[in-house]
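Down below is the structure, laid out as structure tokens.
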Amino acid sequence: MKNFPLLSALLLFVISSFTQNISRGPEKGEIYILGLSKSGLDATIYRSTDFGETLECMDSISQNTYWIETIEADKTPGGIYFVTAYGGLHYSNNYGQYGSWDFRQTDISWNVCAGIVEGQVYNTFNSHSDDYGLNFCSHQVGGFFGGLKYAEVDNLSNNGYVIVNKWGVSDSIYFLKTNDNFENLILDTVFNFGYSDNITLSHATDEGEIFMFNTNNNFSKLWYSDDFAESWIELNNFNFNNSNFYRKGFECGQTYGELYFVLHFVSNLWQNVNTYILYSNDFGISFTLFNPLSTGEQPLLCNFSAKVENKEIIDIKNYDSVYYVTGDVPLTVQFYNYSIGDINLYEWDFNDDGVIDSNEENPISTYSDLGWHSVKLTIYDDLDTNVFLRENYIYIYKINSLEEKNKESSDVSFYPNPFSDKIIFTFPNHSLFENSEIMIYGLNGNIINQISCFYNEVKWDGTNIKGEKCKPGIYLVKHKYQGITKKIILTN
């Protein structure tokens, strides 16, 4: 990847490491960006009404006067806040247009977030305002500890989340929750994340639905929960980190499964200034890349993901803890490229075996070999190359066809399928199955449960080996004696 001067990069990172630079507006496709002018002398506020494909400059504010840390849109159409590096809160009721800003408060954190009604804004978890930032009510925040990394409200009133770290603990990040509007916080989860990782939260459209994005010098990953952070699914990982962009931002949209990333690239003393917006409407599985602001040279950065061909709707609840592409053999996979740069060559290796399988930008591949497959993409421009490898990204299994099933008189049968409370397995020839086991697997290959076959009929109640109810989704059943794998569906 192209490099830019080290001193410039370090300075930019120090200045902007805590900047909150993207916010959704109340209308579909409406976002606000805290962006860059081409000269680098101003902090510029842009608005998009077409999902980030184009940006309109609303105001350009001298950094010598303010240096804006955060922008945040209110639920009110046209309402937007910004917070300066000195904690000054300003509000516009006219889409951030020049001359429409009113000063509201001092000592406001960079981590402000809009509430769930018009005029409501939170100063992290410490206080909130119901009158567009004119007056704030303090919260007791009992149970808080450590150093704040991020705070976010939920779409359910009085619910919210706080992420903290603890001095001296380098490998743990603590996730706190509240259901009484931050009067009290309860420790919910300890993540094995680094002390200095940059972590962002964004609530989505439904109550209890939240996304988490974590980026450090080794990885950038996106997680999702739809049960008030009780369980998480790793949705995607990306080929950008803390050092290769001036600023990164992340925000959900106004419709189900919709989210945005904004990336700002600066190099060569502001001669190269580019803004990229990645838009997704399928929970961050695939993206459309926009480059609405561009001057000078672009970086070269490889990113891609995949879905089963023609599977436009992702049933995210079918995934236990990690999203990956999976299906019965033969499986046709559509790849989605959202790499950055003036790319003149793509080299896809669909099995990471050193053989180039395609030079298309967004190819389709059909897999006929069972098991795990790693995928590698290499991109080129006139000067450089960049590579992204997704290890164990595609999993292919085999389910017997109906014709094969009818030929096997000693096969296991089961009903009902799909099921909710229980599924019953029966054996036409019990002598073949006595003292054997039924194995239940998740799509990620983990053993969920195992059931001994002492009789010609056994049942599974949808629980795991610990007796806990499994999440709705697709599970694989394998009989230990025959080795035949079949698919069953747990509905609720």
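Brief remarks follow.
- Among the residues examined, residue 229 qualifies as among the aliphatic types (A, V, I, L, M), over 25 Å from residue 379 (Cβ atoms) and out of contact with any helix residue (DSSP H, G or I) (no Cβ under 8 Å at 6 or more places or on another chain).
- Test: residue 270 is of a type outside the set (S, T, N, Q) and over 29 Å from residue 187 (Cα atoms): yes
- Residue list for region 334-368, restricted to those being touching a residue at least 40 places away in the same chain (Cβ under 8 Å), part of a loop (DSSP other than H, G, I, E, B) and exposed (fewer than 14 other Cβ atoms within 10 Å of the Cβ): 342
Condition check ((1) touching a residue at least 60 places away in the same chain (Cβ under 8 Å); (2) surrounded by fewer than 23 Cβ atoms within 10 Å (Cβ to Cβ)) across all residues:
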residue	(1), (2)
226	yes, yes
235	yes, no
278	yes, yes
294	no, yes
310	no, yes
316	yes, yes
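- Qualifying residue in region 87-106 (condition: assigned to a loop (DSSP other than H, G, I, E, B) and of a type in the set (A, V, I, L, M, F, W, C)): no
- For the condition polar (S, T, N, Q) and over 17 Å from residue 123 (Cβ atoms), residue 157 qualifies.
- Of residues in region 289-322 being farther than 20 Å from residue 360 by Cα and polar (S, T, N, Q), the one modelled with the highest pLDDT: 291
- Index of the failed condition, residue 273 passing every other in (1) part of a strand (DSSP E or B); (2) under 17 Å from the mean Cα position of the chain (by Cα): (2)
- Index of the failed condition, residue 168 passing every other in (1) in a strand (DSSP E or B); (2) over 17 Å from residue 216 (Cβ atoms); (3) not charged (D, E, K, R): (1)
The values are calculated or read from the model by the stated rules, or taken from the named source; none is laboratory data. From a predicted model like this one, the values you see are computed outputs, not experimental measurements. Note: ideal-geometry Cβ built from the backbone for every residue, glycine included; neighbour counts use all protein chains shown.
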